[in-house]
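Colleague: Just dropping this structure here.
Bear in mind these aren't lab numbers, they're just calculated from the coordinates by the rules spelled out. Being a predicted model, the structure only gives us computed values, none of them experimental. Using ideal geometry, Cβ is built from the backbone for each residue, glycine included, and neighbour counts are taken over all protein chains shown.
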Amino acid sequence: MIILVLQTTGIMMVMGGVLAALLVIAERYLADYGECNIDINGKRQEKVKGGSSLLSSLNSRNIYLASACGGRGSCGFCKCKVIEGGGPLLPTEKPFLSPEEISENIRLSCQVKIKKDIKIELPEAIFNIRKFKAKVSSIRDYTHDIKELTLDLKDSSTINFKAGQYIQLHSARYGKVKQSVSRAYSISSNQSSTDLVQVIIRLVPKGICTTWVHEYLKEGDDVEFTGPYGDFYIRDTDKDIIFIAGGSGMAPIKSMLEWLLEINSPRKIFYFFGARCKEDLYLTEYLYEFENKLADFEYHPVLSQPGEEDKWQGKTGYITPYLKDVIRDSKNTEAYLCGSPGMINSVSKGLKEYGISESDIFYDSF
């Protein structure tokens with residue numbers, strides 16, 4: 001009886017494998033969609049071979065949408081408006097789309113397969129995103145799990161970005177990892193430095209890209225990235241600014257501060273940086289120097305779990321309770337947050353309770 005069950009199971013597994021192989025073959029050779037046209041904003045036409053995703057087809061034409069998961073449908077970044085020809089909305093897309101977005105025909109481009117001519121709309125800023133080749137000129141250790149990379153652009157290339165935006169770094173194959181992935185990292189360098197970018201990267205346990213950066217990448221190596229992406233940047237107002245970050249969320253704030261210094265900003269600025277203990281703080285002296293360089297700036301590191309060995313005399317616990325002491329006029333204050341979703345949700349709630357409008361709270365979540 002046991003032998004019969006095993007034989008039956010084996011036959012079913014073989015049949016399943018054969019059917020899967022037949023589906024792949026049918027998809028590759030029988031489902032020939034021919035040449036399809038992508039109409040972009042009614043102004044630009046791109047001819048592509050049908051059968052691939054909208055995301056990869058756009059990439060093949062040097063049009064890069066954000067995609068932290070590399071097109072696997074798990075990040076929800078690669079949204080665009082599909083006016084016609086995108087097929088039905090898939091169950092894999094719905095969790096990433098709001099009811100409003102669905103009603104406006106917003107789709108995940110990695111999940112839209114091009115089977116016929118298609119019409120889409122893209123923001124004009126998308127066309128400023130390019131692929132860059134660079135050389136790693138410096139790797140700097142900030143903490144036990146945070147590094148800063150300096151990437152010098154090759155081929156006399158230059159990049160124009162706004163402080164707070166990010167790039168997507170493409171990892172190389174290493175060890176047992178046979179795939180290259182793209183991951184988003186905020187730019188930490190000043191936007192006036194157009195021939196290089198710096199990024200601050202925290203090690204994520206078992207993270208494909210961060211493991212590559214922390215354990216395999218070396219100074220002198222060649223890398224590729226695309227960018228710049230994102231709408232996290234300083235608004236051109238005269239309102240007070242509250243910066244709040246933790247961990248590698250330091251990156252866009254550092255870039256913003258360097259830009260504000262360069263333009264001699266007169267705005268009142270507070271920066272709260274959260275860390276677990278003293279060894280997780282970095283660039284501390286550098287940030288305190290801004291108190292002497294900017295017109296009106298205060299830096300406030302906050303430790304959630306300082307140890308006795310830290311001999312910490314500064315702020316402790318959660319950041320939110322300290323915010324009410326620095327808000328001079330809630331109607332004249334903007335907040336820029338960068339960190340984990342949990343931190344951002346908690347701090348955003350506190351800021352709104354202190355009277356700051358949701359429209360004045362900007363964030364970059366990772």
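Colleague: What's the angle, to the nearest 10 degrees (0 to 90), between helix 2-25's Cα axis and the longest principal axis of the chain?
Modeller: 80
Colleague: Which of the cysteines in the chain are isolated, no other cysteine C-beta under 4.7 Å?
Modeller: Unpaired cysteines in the chain: CYS36, CYS78, CYS80, CYS110, CYS209, CYS277, CYS338.
Colleague: Of all DSSP beta bridges in the chain, what percent run antiparallel (nearest 5)?
Modeller: 60
Colleague: Name the most mobile residue of ASP32, ASP222, ASP325, meaning the one with the largest mean-square fluctuation, in a Gaussian network model of the chain with Cα contacts below 10 Å.
Modeller: ASP325
Colleague: Arrange the following residues from fewest to most other Cβ atoms within 10 Å of their Cβ: ARG44, ARG183, ARG267, ARG328.
Modeller: ARG328, ARG44, ARG267, ARG183
Colleague: Once a ≥ b ≥ c are taken as the square roots of the eigenvalues of the Cα gyration tensor of the stretch 251-338, is the result rounded (a/c under 1.5), prolate (a/b larger than b/c) or oblate (a/b not larger than b/c)?
Modeller: It is oblate, given that a/c is not under 1.5 and a/b is not larger than b/c.
Colleague: Now a separate question. With +1 on the Cβ of every Lys and Arg and -1 on the Cβ of every Asp and Glu, and nothing else charged, how large is the dipole of the chain about its Cα centre, in debye rounded to the nearest 20?
Modeller: Around 1280 debye, computed over the chain.
Colleague: Taking the Cβ of GLU224 as the centre, find all other residues whose Cβ is under 14 Å away and add up their charges (Lys, Arg: +1; Asp, Glu: -1).
Modeller: +3
Colleague: Let me check I've understood the local charge: for SER56, count other residues with C-beta under 11 angstrom from its C-beta, Lys and Arg +1, Asp and Glu -1. What total comes out?
Modeller: Surrounding charge for SER56 is +3.
Colleague: Please give me the summed charge of the neighbours of LYS119: other residues whose Cβ is under 10 Å from its Cβ, Lys and Arg +1, Asp and Glu -1.
Modeller: Once all neighbours under 10 Å are counted, the net charge is -3.
Colleague: Please report THR237, THR150 as a ranked list, fewest other C-beta atoms within 10 angstrom at the top and most at the bottom.
Modeller: THR237, THR150
Colleague: Here's another thing I want to ask about it. Give the total of Lys-Lys pairs in the stretch 249-366 with Cα-Cα distances below 12 Å; include a pair only if its members are 8 or more places apart or on different chains.
Modeller: So the count of such lysine pairs works out to 4.
Colleague: Taking only Cα atoms, what is the 0 to 90° angle, nearest 10, from helix 284-293's long axis to the longest principal axis of the chain?
Modeller: 60
Colleague: Helix 250-262: angle to the longest alpha-carbon principal axis of the chain, degrees 0 to 90, nearest 10?
Modeller: Tilt relative to the chain: about 50 degrees.
Colleague: Let a ≥ b ≥ c be the square roots of the eigenvalues of the Cα gyration tensor of the stretch 35-126; is it rounded (a/c under 1.5), or, if not, prolate (a/b larger than b/c) or oblate?
Modeller: Rounded.
Colleague: Most fluctuating residue of GLU353, GLU291, GLU308 in a GNM of the chain with Cα springs under 10 Å: which is it?
Modeller: Answer for the Gaussian network model of the chain: GLU308.
Colleague: What is the magnitude of the charge dipole of the stretch 95-210 about its Cα centre, with +1 placed on the Cβ of each Lys and Arg, -1 on the Cβ of each Asp and Glu, and no other charges, expressed in debye to the nearest 20?
Modeller: Computed about the Cα centre, the dipole is about 720 debye.
Colleague: In terms of modelled amide H atoms, which long-range or inter-chain residues lie less than 5 Å from the amide H of SER157?
Modeller: For SER157, whose amide H was placed from the backbone, there are no distant partners under 5 Å.
Colleague: Right, another one. Taking a ≥ b ≥ c as the square roots of the eigenvalues of the Cα gyration tensor of the chain, is the shape rounded (a/c under 1.5), prolate (a/b larger than b/c) or oblate?
Modeller: prolate
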